[in-house]
Amino acid sequence: MKKTILLFLFLLSISSNAQQITVSPAVFQVNEPITITASFTSPTCNEMGVNPTKVYMHSGIGSEANPWATAKGNWGADDNIGLMTNNGNGTWSIVITPSIYFGLTAIQQTEAAKMGIVFRNAAGSQTLKSAPSCSDFFLKVGVFQAALTSPLENSNTIVASGGNLNITATNTNGVASYSLKSNGIVINTNASATSYSFNHANILGNQNYELSITQSGTTIIKKFTAIVNPTIVLEAMPAGLVDGINYNTSDATKATLVLDAPLKDFVYVAGSFNNWLPTSSYAMKKDPVSGKFWLELTGLVSGENNMYQYWVVANSPIANSPSLVKTADPYSTLVLSPFDDSGIPATSYPNMPVYPAGQEREVTVLKTGQTPYPWQVTNFVKPEKEKLVVYEVLVRDFDANRNYQSLIDKIDYFKNLKVNAIELMPVMEFEGNESWGYNTSFHMALDKFYGTSDKLKEFIDLCHQNGIAVILDVALNHAFGRNPMVRMWMNDPDNDGWGSPSADNPYFNTVAKHSYNVGEDFNHQQAMTQNYVKRVIKQWVEEYKIDGFRWDLTKGFTQNCTAGDESCTNNFQQDRVDVLKTYADYSWSLDPTHYTIFEHLGSDVEEKEWANYRINDPVSKGVMMWGKMTKEYNQLSMGYATESNISRMTSDSHGFTANRLMGYAESHDEERLMYKNIQYGNSNNVSHDVKNLNVALSRMSAIGAVSLLIPGPKMIWHFGDLGWDASIFACNNGTVNDESGTIPGDCKLDTKQQPQWASNWLGNSNRSKIYNDWAKMITMKTVEPVFSGTVTISNTNSLSPNIKITNSALESTKLKDVLILANFDVTNQSVATGFPYIGVWYNLMDNTSINVTNVTATMVIPPGEFRIYGNKEALLAIENFEKPSAITLHPNPVSDYFTLNKSVSKVAIYSLSGQLVKSFTGNGKMTSEFLVSDLNAGLYIVKVTNENNDTQVLKFLKK
């Protein structure tokens with residue numbers, strides 16, 4: 001897939017494209033007014049139809065090699081920039097003077113030789129492009145034109161050592177002066193000619209050519225390259241090397257590069273260390289056994305950034321595949337991009353390495369002598385899978401600064417909500433900066449838009465210090481066009497350096513093998529693909545201490561289906577089961593407690609193969625499965641009984657042996673509950689109209705009660721806890737597109753605003769109530785052992801679901817039974833209770849009690865409200881839950897002891913399972929050292945009581 005606006009080297013002929021585009025005058029100078037007219041009468045390469053409602057010209061101007069150097073227009077914005085006029089006959093026109101329209105400097109006007117054009121609708125979802133290739137339109141600028149006839153412009157010609165290259169060119173408008181440079185040195189000139197011919201003989205090294213053609217003060221430069229076929233050195237690769245960069249741990253002046261490139265004949269390494277023009281000493285050696293290319297670099301400077309690319313060559317490539325591909329390392333951990341880096345703020349990535357001038361496409365950064373990050377927590381003990389409450393975050397939309405520092409600065413937001421895991425949507429190197437991250441190009445590299453590697457590690461370390469696990473969303477089903485493994489074996493008929501996988505690609509399918517494909521589809525039955533995936537896993541687990549992966553679109557890991565066969569994709573596929581178990585096994589071999597989460601959303605038959613996998617290991621495994629319940633919970637929140645059955649929120653309803661269903665009422669992929677509440681909510685009761693913002697907000701606490709407390713891992717999509725009410729389909733310009741998908745380009749991926757901070761939602765009592773109520777529920781779920789028990793959900797087809805949770809392993813003196821009641825109607829309802837037994841029951845939200853004498857009695861619950869009852873009080877001090885912390889514990893993490901900043905009478909320490917493991921009592925004056933050296937590593941709950949019998953709950957991490 002071609003992600004960026006590509007530089008198609010297509011010369012527009014007015015006669016051949018007269019049906020699509022005309023320019024008047026046909027020959028023009030950069031400072032002359034011109035009229036550009038586009039015709040929509042033909043359907044070829046026309047997605048806008050014969051009668052578009054609005055047409056924008058998205059355009060650029062620059063040199064022959066880079067006609068998009070200065071671009072005009074904001075793709076997808078209906079802002080009048082580039083808006084054309086309807087002529088009423090199927091054509092649209094715009095009048096511009098290029099030098100003024102593009103705001104060109106004097107130098108830019110001199111260099112202007114070509115314009116690039118694409119026509120689009122207002123949303124940018126439909127285009128008109130040049131037939132028949134559906135590429136960009138290009139217009140020549142200036143009376144003087146020149147053409148390189150042999151070799152082709154920007155081409156790479158492979159020559160034998162000592163071989164020749166014949167160079168020919170022509171020009172218009174009379175005689176011109178020609179000057180040919182090779183590697184920066186003039187090797188031939190012709191001061192007065194209308195055509196040019198020169199044979200460069202006895203070529204012994206790689207050559208970068210520039211042919212300058214000058215007429216009346218205007219110069220046009222044509223570039224091309226000759227690559228010498230070296231004599232490949234066959235030599236065994238040193239033991240222990242892996243694909244990518246291998247740093248020499250004992251000598252910071254050396255590093256060894258390894259590239260697995262089957263079917264390729266030779267490879268050069270070009271980089272900052274050889275001025276991007278490699279000699280034969282930078283031709284990679286070839287291991288005779290594995291066939292891998294390798295090269296040891298020497299003379300490197302410790303701590304200095306080096307950049308490099310591979311020049312990968314096939315002497316006889318298959319049809320439509322290039323002979324030479326210049327590419328970054330597939331196993332890069334940091335890449336620089338000529339497309340994206342200029343849009344990265346220095347505040348997010350200070351002192352970012354500068355992309356090397358004169359190069360093209362991504363380059364890899366190599367740096368010896370790096371100082372390892374000083375991790376504060378090296379033995380983080382993850383929360384139990386059954387107790388996980390995951391907060392899903394898109395870094396781009398979490399805060400206006402859109403970086404890891406924002407997450408670090410707001411760590412208290414997560415701590416006070418009591419979540420114990422944060423899942424970051426993809427942060428691997430993706431194409432562009434404004435993205436959800438699923439258009440990944442380099443899976444082992446961190447995308448720079450959100451910040452540096454050390455800053456992400458600082459965030460992870462801080463989370464671990466506070467008992468919060470960090471999960472990474474990974475898109476290993478596919479990759480996009482900048483990916484080196486796509487480009488090294490690609491079908492590129494227009495020779496622009498971009499394309500789709502060719503038939504000999506050892507990583508990718510030429511056509512997708514499932515019905516949900518985006519980008520290029522990995523073939524996970526290939527050994528090279530499996531090796532790559534395992535290296536990706538290893539990188540993030542070992543380098544970043546990532547606690548788990550959420551595997552995106554696992555339905556795509558099969559080779560048995562086709563793009564159009566959704567039934568096959570959704571049916572059980574054994575190859576998919578097997579390969580994903582292999583990846584899970586590898587993750588657990590690196591970290592036995594690693595979280596493995598699949599976004600499969602498929603049949604129970606296949607999902608339970610993973611959910612039940614290895615759960616009886618000494619360290620229980622089992623894959624957690626995403627459990628989409630957005631429709632059901634949204635029906636409840638809107639006040640409609642139809643399709644409101646939430647029984648599938650439980651693991652056992654899917655046939656899972658253990659609690660492995662990560663259920664959720666809201667996620668990044670689905671419309672916001674609050675938006676639909678306001679748009680479509682039940683408005684039959686004027687005093688409780690769900691379409692009213694505050695009424696809708698008041699119902700979200702109940703959604704938490706009947707979702708978060710159900711046993712098993714659960715997930716929250718960011719700011720659902722504050723009642724985010726903007727549509728997921730909100731566009732940058734403030735409009736909202738149709739969620740049905742009838743409008744292409746539905747703005748789902750557009751950057752969203754952050755009103756929760758600017759408008760201080762935490763200071764809004766209607767919104768903060770959701771946050772505080774959910775925090776209480778999450779605390780109960782993560783602290784109280786009862787919520788690891790079994791669950792029964794009844795009244796599932798009504799607006800009054802009834803949830804009973806019990807943990808039969810607990811003593812009757814403990815909180816072992818919980819009853820959750822709710823009323824999602826819009827009027828008061830007498831709700832059937834069904835208490836398990838008579839006696840005193842406690843409202844776990846405030847620990848008030850009721851005496852139950854009739855287990856079948858009903859209870860009147862107002863609309864949108866809920867009740868959570870337990871047979872005993874909750875362990876935590878609910879009545880003091882929202883008060884600021886008066887007592888602090890130091891240090892944290894704890895090695896041997898901790899101290900408290902205030903005098904207390906009693907300290908009780910509990911494991912996460914609720915077991916009392918240690919206690920201290922005194923006369924109310926205890927502030928000194930509390931020894932805990934005998935406790936195992938892990939997270940503990942501390943309940944402290946002062947001399948007034950006030951209690952407070954704290955946590956500490958034992959190292």
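General observations
- Ranking 510, 310, 390 by Cα position along the charge dipole of the chain, where only Lys, Arg, Asp and Glu carry charges on their C-beta atoms, puts 390 farthest toward the positive end.
- Mean Cβ count within 10 Å, highest first, over the residues of peptides 337-348, 530-541: 530-541, 337-348
- Ranking 899, 941, 931 by how far each Cα lies toward the positive end of the dipole of segment 883-958 (charges on Cβ) leaves 941 at the top.
- Point-charge dipole on Cβ atoms (K/R +1, D/E -1) for the chain, about Cα centre, debye to 20: 880 debye
- Computed from Cα atoms, the angle from the helix 765-783 axis to the main principal axis of the chain rounds to 70 degrees.
- Ignoring lysines fewer than eight residues from residue 285 along the same chain, the ones with Cα atoms less than 19 angstrom from its Cα are 254, 264, 326.
- Computed from phi, the 3J(HN,Hα) profile of segment 97-105 under the Karplus parametrisation 6.51, -1.76, 1.60 (θ = phi - 60°) reads 10, x, 4, 7, 4, 8, x, 7, 6 Hz, with x in place of Gly and Pro.
- Each label point was placed 7 Å from the Cα along the Cα-to-Cβ direction; for residue 525 and residue 89 their separation is 5.7 nm.
- Cysteines in the chain lacking any other cysteine Cβ under 4.7 Å from their own Cβ: 463.
- 5 angstrom amide H check on residue 490, placed H, neighbours 5+ away: 502
- Euclidean distance between Cα centres, segment 355-391 to segment 443-486, Å: 6 Å
- By the rule of a C-alpha distance below 15 Å, with chain neighbours fewer than 8 residues away ignored, the aspartates and glutamates paired with residue 902 are 929, 947, 950.
- The alpha carbon centroids of segment 539-617 and segment 110-158 are separated by 44 Å.
- Lysine pairs in segment 654-777 whose alpha-carbon atoms fall under 25 angstrom of each other, counting only those eight or more residues apart or on distinct chains, come to 13.
- Cross-link reach list, lysines versus residue 959, counting only Cα pairs under 17 Å and skipping chain neighbours closer than eight places: 382, 545, 918
- Residue 813-residue 847 FRET efficiency (beta carbon distance; Förster radius 25 Å; 0.05 resolution): 0.95
- Fully extended contour minus Cα-Cα distance, from residue 175 to residue 890, at 0.36 nm per residue: 249.1 nm
- Amide proton proximity set for residue 553, modelled H, under 5 Å, gap of 5+: 599
- Over the chain: helical MRE at 222 nm, DSSP H runs n ≥ 4 each giving -39500 (n - 2.57), nearest 500: -4000 deg cm²/dmol
- Reported label for calculated Cα Rg over 2.2 N^0.38 Å given (i) 1.08; (ii) 1.28; (iii) 1.22: (i)
- Computed from Cα atoms, the angle from the helix 527-538 axis to the main principal axis of the chain rounds to 50 degrees.
- 3J(HN,Hα) couplings calculated from phi for segment 697-714 with the Karplus curve 6.51 cos²θ - 1.76 cosθ + 1.60 (θ = phi - 60°) are, in sequence order, 4, 5, 8, 6, 4, 5, 4, x, 4, 9, 10, 5, 7, 5, x, x, x, 9 Hz; Gly and Pro show x.
- Degrees between helix 453-465 axis and first principal axis of the chain (Cα, 0 to 90, nearest 10): 10 degrees
- Model label points for residue 616 and residue 647, set 7 angstrom from Cα along the Cα-to-Cβ axis, are 2.8 nm apart.
- Difference of contour (0.36 nm per residue) and Cα-Cα distance, residue 937 to residue 185: 264.1 nm
We did not get these values from a lab; they are worked out from the coordinates using the rules stated. Nothing here was measured: the structure is a model prediction, and the numbers come from that model. Neighbour counts are summed over all protein chains in view; Cβ atoms, including those assigned to glycine, are modelled from backbone coordinates with ideal geometry.
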